[in-house]
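Here is the structure we will look at, set down as structure tokens.
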Amino acid sequence: MQLQWYPGHMTKAKRQMQEDIKLIDVVIELLDARIPMSSRNPDIDELGRNKSRLILMNKSDLSDERKNREWAEYFREKGYFTVALDARKKTGMKGVTEVVMEACREKIERDRKRGIKNRPVRAMVVGIPNVGKSTFINSYAGKACTKTGNRPGVTKGKQWIRLNRNIELLDTPGILWPRFEDQKVAQNLALTGAVRDEILQVNELALLLIQFLLEEYPGVLAQRYETEEEAVSAAELLGRIAEKRGCISKGNELDYDRAAALLLDDFRGGRLGRISLERPEEKD
Ligand code: G4P
């Protein structure tokens with residue numbers, strides 16, 4: 001799914017979230033591990049207050065392992081439970097239930113004191129478009145789950161997935177919008193492919209990525225495209241990628257647009273290695 005948000009969408013999504021959130025105990029928030037801050041919704045802390053909170057750093061197969069650990073630490077210090085995840089390959093999935101239960105310990109304890117036993121914890125998955133919500137729900141719920149129908153006292157039309165004795169998951173994820181009015185956030189979302197590429201932007205994005213990689217991940221481009229990367233500008237390097245990959249236009253000129261698209265595709269597909277675009281210090 002691509003990000004296409006209008007004020008009307010956002011108001012509607014927020015209203016829906018405010019309704020759904022009343023029904024649940026724990027918010028399972030998915031972030032893109034490559035851009036944990038840029039893929040967060042600005043209002044989620046407000047929306048999810050008084051709820052147990054769990055952050056899943058998804059697509060962690062594509063992000064830098066060292067940065068994953070730094071982010072996990074960062075969120076843990078802020079009081080969130082965190083799991084690094086690859087929803088597609090189901091890596092990290094096993095730990096999720098345990099952490100959901102851990103996040104809800106106080107609620108379970110409260111229930112117990114009131115004499116309520118074995119009431120399942122109700123969870124809801126939230127996140128911005130394309131972060132992997134559907135993939136996660138499918139992987140997590142798997143085939144073994146049973147869908148429960150509408151239950152008396154529960155809002156009509158809501159489907160719950162009974163995961164096991166302890167957890168029920170709201171079938172439809174909550175879609176949130178990112179802070180995309182912030183230019184850096186918009187860039188990060190575009191680089192990771194959450195926002196549709198505009199032809200004119202591809203070049204600009206590729207140059208931003210090259211600049212970032214030269215500074216933060218030296219050697220990555222040189223290795224992938226078998227070229228020197230020292231003492232060259234981002235534009236020159238894009239030219240070299242075009243040369244190396246045979247991106248030549250009809251007039252026998254280097255096709256920068258094609259090279260840019262190819263580079264972005266390699267990055268998004270993890271073919272440049274595991275790379276994170278954000279690190280925790282930037283936001284403190
Ligand atoms: P959404 O519901 O939040 O909008 O996201 P969705 O699950 O549709 O996932 C968006 C894209 O991200 C999908 O790729 C999905 O396969 C991919 N994805 C989800 N989780 C992970 C993960 O942990 N690691 C990686 N590498 N990718 C993940 P797509 O290209 O849109 O579809 P497809 O090629 O998988 O069919």
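The values are calculated or read from the model by the stated rules, or taken from the named source; none is laboratory data. Every value quoted in this text rests on a predicted model; they were computed, and no experiment measured them. Counting neighbours? That spans all protein chains shown, and the Cβs are built from the backbone with ideal geometry, glycine included. Surface accessibility is based on the protein's heavy atoms, side chains included, excluding ligands, DNA and RNA. Shrake-Rupley method; radii C 1.70, N 1.55, O 1.52, S 1.80 Å.
The table that follows gives values for the structure above.
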read-out	value
Computed over region 201-282, Cα set: Rg, Dmax in Å	12.5, 47
Per-peptide average of other Cβ atoms within 10 Å, ordering 125-132, 176-183 highest first	125-132, 176-183
3J(HN,Hα) from dihedral phi, region 247-255, Karplus parametrisation 6.51/-1.76/1.60, rounded to Hz, x for glycine, proline	8, 10, 8, 4, x, 6, 9, 5, 9
Carbon plus sulfur fraction of accessible area for the chain, probe 1.4 Å, in percent	47 percent
Convex hull of region 8-171 built on C-alpha atoms - directionally averaged projected area, nm²	10.0 nm²
Principal axes of region 201-241: Cα extent on each, largest first, Å	25, 20, 17
Antiparallel DSSP beta bridges within the chain, percent to nearest 5	30 percent
Peptides ranked, highest mean first, by Cβ atoms within 10 Å: ranges 35-44, 109-118, 11-20	35-44, 11-20, 109-118
Charge dipole magnitude, Cβ of K and R +1, D and E -1 - region 201-282, Cα centre, debye nearest 20	420 debye
Size of electric dipole in the chain: Cβ of Lys, Arg +1 and of Asp, Glu -1, about Cα centre, debye, nearest 20	2520 debye
Reachable lysines, given that their alpha-carbon falls under 23 Å from the alpha-carbon of Lys59 and they are not under 8 places away in the same chain	Lys67, Lys78, Lys89, Lys90, Lys94, Lys133, Lys143, Lys184, Lys283
For the chain, accessible area per residue (1.4 Å probe, heavy atoms of protein chains only), Å²	53 Å²
Within the chain, helix-based [θ] at 222 nm, where runs of 4 or more DSSP H residues each add -39,500 (n - 2.57), nearest 500	-12500 deg cm²/dmol
More than 20 Å apart - percent of Cα-Cα pairs taken over region 75-134	39 percent
Value of D in µm² per second that Stokes-Einstein yields for the chain, Kirkwood Rh from Cα pairs, at 10 °C (1.306 mPa s)	77 µm²/s
Other-chain or far-sequence residues with amide H under 5 Å of Phe81's (modelled H)	Arg53, Ile55
FRET efficiency, Arg76 to His9 (Cβ-Cβ, R0 51 Å, nearest 0.05)	0.95
Dipole-positive endmost among Ala222, Thr11, Val99 within the chain (Cβ charges, Cα centre)	Val99
Positive-end residue of Ala231, Ser249, Leu205, charge dipole of region 201-282 with Cβ unit charges	Ser249
Most to least packed among 47-56, 91-100 [average Cβ atoms within 10 Å]	47-56, 91-100
